[in-house]
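Data block below; observations after.
The values are calculated or read from the model by the stated rules, or taken from the named source; none is laboratory data. Because the structure is a prediction, the values reported are computed rather than measured. All Cβ positions, even for glycine, are placed from backbone atoms using ideal geometry, and neighbour counts span all protein chains on display. The protein model used for the area step is the full one, side chains on, heavy atoms only, and it has no ligands, DNA or RNA in it. Shrake-Rupley method; radii C 1.70, N 1.55, O 1.52, S 1.80 Å.
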Amino acid sequence: MERRELLKHLAMGTAVAAATRLSLGRGGPEALAAPAPPKAAAGDGVRWDKAPCRFCGTGCHVQVGVREGRVVAVRGDEKAEVNRGLLCVKGYHVGLALYGADRLRRPLLRKGGKLEPISWQEAIDIVARRALKDPAGFALYGSGQWTIPEGYAATKLVKAGLGHHQIEANARLCMSSAVTGFMATYGVDEPAGCYDDLDRCDVLITWGNNPAEMHPVLFSRVIDRRTRGEKVTLIDLSTRETRTSRFADRSIRFRPQTDLAIANGIANLLVLHGAHDADFVAKHCGFRAPDANGTLQGRAISFDDYKAMIAEYTPERVEQISGVPAKDIRWLAELFGRRELRITSLWCMGFNQHTRGTAINALVHGIHLLSGHFGRPGDAPTSLTGQPSACGTVREVGTLCNLLPGGHSVASAEDRKRAEEIWNVPPGRVSDKAGYHTLEMWKRFSTPAGQGGDIHTLWVQTTNPAQSLPNLHALVEPSRRLADKFLIVSDVYPTATTRIADLVLPAALWVEKNGMFGNSERRTQQWFKMVDPPGEARSDLWQLIAVAHRLLELGHQGMRDKDGRFLFSAQKDGKEVPIWDYGHFDDVNVDEMLFDEYRKFSTHHRKDLAPYGEYVKARGLRWPVVRRADGTWHETRFRFAEHEDPYVQQGKAIQFYQSYTNDDRAQIWFQPYGPPPEAPDADYPLWLCTGRVLEHWHTGTMTMRIPQLQRAMPQAYVELHRDDARRLGVQDGEVVVVETRRGRIELPAWIEGRGSPPPGTLFVPFFDERLPINELTLEASDPFSKQPDYKKCAARIRKRGGQ
Amino acid sequence: VPIASVVLTLVHDREPLRDRVLAELTRDPRIELGPASGACLPAVLDTASAAEGEALVQSLVEKEGVVFVDVVAVDFSDQAEET
């Protein structure tokens with residue numbers, strides 16, 4: 001058989017297996033029994049291994065085909081529960097992300113305005129000396145693309161080594177309001193439900209969310225059910241029409257920021273008509289409202305107080321605020337009042353990138369609790385994440401200025417003490433003073449030292465803040481004009497951030513290193529290195545450990561534990577392995593060493609993780625992963641529910657065992673609607689919303705280098721409504737000027753293109769480095785989560801050359 | 001060698017339309033169809049270039065009678081070797 005025929009034969013086997021699984025349904029046991037795709041025939045030289053996809057937070061597993069040291073094929077992993085062998089357009093091209101022609105291959109130092117190659121030894125020494133000069137002003141900025149061991153090493157380097165908390169991650173920009181919403185409601189972060197809910201719900205509500213483009217594999221899981229004849233009602237609540245809207249049974253538009261009024265309106269009708277689940281509420285819930293001090297936990301209120309507070313949100317008043325017809329508010333409330341239905345809510349950036357993000361997250365949890373749509377498979381309020389390890393690394397490892405690993409908090413003396421014990425560092429090494437959140441960190445970096453700008457060095461890994469931060473002219477650009485500010489960037493390709501860096505470190509990507517991610521449903525995943533990185537590129541993990549060791553060599557005592565050992569000491573056969581020397585980095589599995597240390601943090605707050613070896617065998621496991629009496633490890637699909645969660649006491653049915661009120665109750669919040677910090681006015685009469693597109697992932701540094709994806713969506717654009725275009729005399733495809741109070745850019749107009757914003761609204765994606773919309777966005781943030789609002793600010797549009 | 005495995009989900013409630021789209025797919029020499037499983041039809045796309053492959057997938061997405069196109073696997077060995 002010729003090679004082409006062989007490939008086609010294998011491809012057909014894969015397609016047949018996937019079609020069988022798809023037709024049987026992805027969630028049931030029948031699907032697991034579907035035939036496996038054919039194994040590659042001996043002699044074709046392709047070796048297959050598992051890895052989670054590098055892109056979004058869904059956490060699909062792929063099988064990666066490697067031949068002669070190169071990734072040559074990718075297929076959906078048929079054994080993965082998340083995607084059952086299917087992938088989206090980005091996922092099936094993920095292997096090509098490694099092979100853009102302009103991969104960074106050598107460390108580069110800016111000399112005389114130009115980036116010049118230097119040795120790794122010199123580069124590591126420069127980073128270490130910047131930290132040694134003034135440790136308190138040295139900060140790390142990473143992302144939800146750090147692997148779990150990378151994030152853990154970064155956290156340990158800063159919190160146990162440098163003795164402060166100047167570490168943040170770009171997840172502050174994408175999901176920190178989800179965190180504070182969970183914390184305010186349940187006392188603990190991350191969804192109680194999981195993707196299995198999508199297989200069981202009768203109603204799916206997408207709140208300001210476009211999963212058809214952003215989480216397509218999850219979305220097709222629901223659409224497939226309808227294709228098989230199952231009835232699933234899809235309701236789309238959003239500020240613009242998207243691909244998701246076009247699949248919806250009911251698509252409801254609301255004015256930006258008014259989702260709070262809608263949520264309160266639904267709650268009001270549930271209570272007013274006695275349609276809430278009084279028994280569930282009486283047993284499992286308390287009520288809260290904001291307090292005068294603005295704390296995340298607010299103040300306790302009674303049910304009667306709550307009833308009185310939400311009473312003003314009548315359907316008619318909600319219609320006035322939001323533009324949603326009163327009859328639709330009544331219909332939504334009636335749906336929630338029907339206990340026989342199972343309702344899943346999904347949300348992502350629409351709720352989180354919001355100056356009231358914590359409030360709207362808490363309100364939707366509250367509707368589910370109030371109506372008893374919680375704890376049964378299919379009844380779940382679930383937030384999705386945008387990055388592959390926003391949960392696993394940022395939220396769980398705690399790569400933020402106020403967190404410690406495993407749900408521990410900088411503010412808790414007990415938690416700090418436990419961290420010091422696990423890290424074996426002296427008492428007091430873990431500071432009680434939180435660091436700066438992302439926006440403050442960058443403001444300080446962009447402010448002269450004498451004026452409060454006490455961050456002198458920022459080391460960026462696995463992210464591209466010069467494109468993704470809001471209001472770039474204010475937060476990033478000033479630092480580049482200040483002589484005492486030093487920007488270090490580890491990345492795989494030239495980006496908007498490497499271009500302005502003082503030092504660039506070439507990094508390994510995805511299967512060029514060992515790794516672990518944690519997806520949106522608490523699933524921790526593992527993979528092994530499959531190919532070498534190009535040139536002199538090295539993993540972010542090695543870079544962190546090499547800098548830590550150089551600091552130790554230079555005499556920084558924080559790099560030793562209280563017994564004098566290096567913080568990242570690795571042992572093999574009783575002997576120290578010099579993992580800071582790249583030639584020895586792979587002599588031990590550093591991921592395993594760090595993960596098994598990190599998991600000691602996981603049990604106290606009941607986020608239990610299994611030993612590393614269990615993840616090698618699995619396509620991910622959802623925490624808490626608890627060992628049973630027979631020695632086997634078991635994941636948890638539905639938290640707080642007795643039928644599934646081992647921490648729920650027998651007979652309790654539902655138990656919110658991490659409640660901050662210490663009474664096993666979740667909190668139903670009242671949060672009033674309030675206007676946004678910036679709204680359209682006479683000078684800037686339009687709303688501007690920003691976001692993502694199907695083909696590109698975040699700032700496009702990887703997907704814009706994959707020819708198939710680049711061709712499919714070659715550049716950014718501004719979507720506008722036909723009426724606005726007509727009024728302004730703008731033709732489809734014409735380049736127009738988009739302006740806000742912070743900046744202006746020129747973009748081609750797309751009239752009723754992929755998405756369709758309502759009149760008075762613009763949408764611009766942020767993937768295109770050449771057209772950086774974040775020069776225009778607003779850095780106003782949520783008071784609790786400190787997450788900025790990328791979804792709404794005031795803008796205007798005009799023809800080029802016009803006034 | 002842009003060879004891709006896909007699963008086409010066809011309309012299940014309109015038989016004439018389903019038959020018509022099946023006939024169209026069968027006539028395209030670049031598409032090899034496998035045995036249908038319910039509404040799910042496995043297929044292999046064999047095109048001369050990556051660009052032609054993308055265009056073919058897009059045309060399938062837009063074809064009346066095709067509800068969803070799931071791409072399951074792609075072999076891009078030639079492309080990976082070129083870069």
Förster-model FRET efficiency, 45 Å R0, A:Ala653 and A:Glu440, C-beta, rounded to 0.05: 0.55
Could you state how much accessible area A:Glu477 has, in square angstrom rounded to the nearest 10, with a 1.4 Å probe and all protein chains kept in place? 60 Å²
11 Å beta-carbon shell around A:Arg105, net charge (K/R +1, D/E -1): +1
Under a point spin-label approximation (7 Å from Cα along Cα-to-Cβ), what is the A:Glu230-A:Gln297 distance to one decimal in nm? 4.0 nm
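Taking the Cβ-Cβ separation of A:Asp49 and B:Leu33 as r and a Förster radius of 51 Å, what is the calculated FRET efficiency to the nearest 0.05?
Values: r = 30 Å, r/R0 = 0.59.
For R0 = 51 Å, the calculated efficiency reads 0.95.
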For the residue pair A:Ser119 and A:Arg727, what label-to-label distance in nm results when each label sits 7 Å from Cα along the Cα-to-beta-carbon direction? 6.5 nm
Would you work out the relative contact order for segment A:409-505, in percent, from Cα pairs under 8 angstrom that are 6 or more residues apart? 21 percent
In percent, what relative contact order does chain A have, based on Cα pairs under 8 Å that are 6 or more apart in sequence? 18 percent
Exposure rank, largest accessible area first [A:Met175, A:Met183, A:Met214; 1.4 Å]: A:Met183, A:Met214, A:Met175
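Run lengths n ≥ 4 of DSSP H only: what is the helix-derived mean residue ellipticity at 222 nm for chain A, with -39500 (n - 2.57) per run over all residues, to the nearest 500?
Values: 25 runs with 222 residues, N = 803.
Result for chain A: -8000 deg cm²/dmol, rounded to the nearest 500.
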If N is the number of residues in segment A:199-238, what value comes out of its Cα radius of gyration divided by 2.2 N^0.38 Å? 1.09
With every protein chain in place, what's the accessible area of A:Leu237 (1.4 Å probe, Å², nearest 10)? 0 Å²
Under a Cβ-Cβ cut-off of 10 Å, what is the net charge of the residues other than A:Val504 that fall near it, where Lys and Arg count +1 and Asp and Glu count -1? +1
Quick check: with the 1.4 Å probe, what order do A:Lys529, A:Lys433, A:Lys307 take by accessible area, largest first? A:Lys433, A:Lys307, A:Lys529
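How much accessible area per residue does chain A have, counting only protein heavy atoms and a probe of 1.4 Å, in square angstrom? Before the final figure, lay out the partial values.
On the way: 26400 Å² over 803 residues.
Here the per-residue accessible area is 33 Å².
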Within the protein assembly as shown, percent of DSSP bridges classed antiparallel, to nearest 5: 60 percent
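Taking 0.36 nm per intervening residue step and subtracting the Cα-Cα distance, what contour gain separates A:Gln710 from A:Gln320 on full extension?
Working: separation 390, 0.36 × 390 = 140.40 nm, distance 4.26 nm.
Here the answer is 136.1 nm.
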For segment A:467-536, with all protein chains present and a 1.4 Å probe, just round the carbon and sulfur fraction of the accessible area to a whole percent. 54 percent
Can you check what the net charge comes to around B:Arg18, using other residues whose Cβ is under 13 Å from the Cβ of B:Arg18 (Lys, Arg +1; Asp, Glu -1)? -2
Could you give the length gained by full extension between A:Arg481 and A:Trp331, i.e. 0.36 nm per residue of separation minus their alpha carbon distance, to one decimal place? 48.4 nm
Can you tell me what share of the DSSP beta bridges in segment A:287-442 is antiparallel? A percent to the nearest 5 is fine. 55 percent
If the cut-off is a Cα-Cα distance under 16 Å, which aspartates and glutamates reach A:Lys529, setting aside same-chain residues fewer than 8 apart in sequence? A:Asp49, A:Glu68, A:Glu150, A:Glu512, A:Asp540, A:Asp586, A:Asp587, A:Asp591, A:Glu592
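For segment A:81-137, which trypsin sites (Lys or Arg not before Pro) pass both filters: DSSP loop (anything but H, G, I, E, B) and at most 16 other C-beta atoms within 10 Å?
Working: sites: A:Arg84, A:Lys90, A:Arg103, A:Arg105, A:Arg110, A:Lys111, A:Lys114, A:Arg129, A:Arg130, A:Lys133; in loops: A:Arg84, A:Lys90, A:Arg103, A:Arg105.
Sites meeting the loop and neighbour criteria: A:Arg105.
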Residue-wise, which Karplus ³J(HN,Hα) couplings in Hz belong to segment A:529-545, taking 6.51 cos²θ - 1.76 cosθ + 1.60, θ = phi - 60°, and x for glycine or proline? 4, 10, 9, 7, x, x, x, 9, 4, 9, 5, 4, 5, 4, 4, 5, 5
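Quick one: of A:Lys159/A:Lys572; A:Lys111/A:Lys159; A:Lys133/A:Lys433; A:Lys156/A:Lys485, which pairs are farther than 28 Å apart, Cα to Cα?
A:Lys111/A:Lys159
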To the nearest 100 Å², how much accessible surface do chains A and B cover up together, summed over both, with a 1.4 Å probe? 3300 Å²
Tell me, what is a quarter of the convex hull surface for the C-alpha atoms of the protein assembly as shown, in nm² with one decimal? 36.7 nm²
Using a Cα-Cα cut-off of under 19 Å, which lysines could be cross-linked to A:Lys8, ignoring same-chain neighbours fewer than 8 residues away? A:Lys39
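Given a 1.4 Å probe and heavy atoms of the protein chains only, how would you sort A:Lys50, A:Lys417, largest accessible area at the top? Present the calculation step by step, with values, prior to reporting the outcome.
Numbers: A:Lys50 15, A:Lys417 120 Å².
Largest to smallest exposure gives the sequence A:Lys417, A:Lys50.
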On the accessible surface of segment A:381-440, probed at 1.4 Å with all protein chains in place, carbon and sulfur together account for a percent value of 51 percent
To the nearest 20 debye, what charge dipole does segment A:730-770 have about its Cα centre, counting +1 at the Cβ of each Lys and Arg and -1 at the Cβ of each Asp and Glu? 240 debye
Largest to smallest principal axis extent of the C-alpha atoms in segment A:606-731, angstrom: 72, 46, 20
How far is it, in nm, from the label point at A:Glu536 to the one at A:His9 when both lie 7 Å from their Cα along the line to the Cβ? 4.7 nm
On the formula 1/(1 + (r/R0)^6), with r taken between the Cβ atoms of A:Asn402 and A:Ile500 and R0 of 25 Å, the FRET efficiency rounded to 0.05 is 0.35
Check the straight Cα-Cα distances from A:Lys799 and name the lysines below 30 Å, setting aside those fewer than 8 residues away within the same chain. A:Lys791
In nanometres, the difference between 0.36 nm per residue of separation and the alpha-carbon distance of A:Gln451 and A:Asp102 is 121.7 nm
Per-residue average of other protein chain Cβ atoms inside 10 Å, peptide B:40-50 -> 5
